[in-house]
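In what follows, a structure is listed as structure tokens, so that the remarks can point back to it.
Read-outs throughout are calculated quantities, based only on the coordinates presented, and are distinct from any laboratory measurement. Keep in mind that what you see is a predicted model, and the values were worked out from it rather than measured. In this analysis, Cβ positions are derived from the backbone assuming ideal geometry, glycine residues included, and neighbour counts consider all displayed protein chains.
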Amino acid sequence: MTVTSGDGDDREVPFSVSVARPDGAAVVIAVAGEIDLTTSEDLKETVEEALEPAPGKLVVDLEGVEFCDSTGLATLVRINDRCTTQGVDLSFLPSPTIRRLALKTGLSTLLPLAGS
């Protein structure tokens, strides 16, 4: 995805999301790059597809995430809410960036971060 800044400078915004089902009970979604206004919808749609039918466990691997804005954080909260509603065991594997943001915003008490 290419984003053009206000000064006309194009820069590549790295983002990828992939789904793996290593066993029948768990789904692993790996996210890399930036989670922001332009990429949050892709993440949300990927998670929604992975939750149909609901797996026993969902792991969202965020170790490759270098940047996350408020839209991205809101998406993580919605993922948590959806999994809670569906009874899916959720775990986030945070990058240092995500862990720092979760601690600063107080979301570390809400989101199930691995290693906390």
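Brief remarks follow.
- Relative contact order (%) - region 29-101, alpha-carbon pairs under 8 angstrom, separation at least six: 42 percent
- Length gained on full extension, LYS44 to VAL77: 10.8 nm, using 0.36 nm per residue less the C-alpha separation.
- For mean projected area of the Cα convex hull in nm², the candidate list reads [x] 7.3; [y] 8.5; [z] 10.4; the entry that matches the value derived from this model is [x].
- Close amide H partners of LEU58, meaning residues 5 or more places away or on another chain with modelled amide H under 5 Å apart, are VAL27, ASP89, LEU90, SER91.
- Dipole of region 21-97 [Lys/Arg +1, Asp/Glu -1 at C-beta], most positive-end residue of LEU62, SER95, PRO22: PRO22
- Cβ-based net charge around LYS44, under 11 Å, with every Lys or Arg adding one and every Asp or Glu removing one: -3
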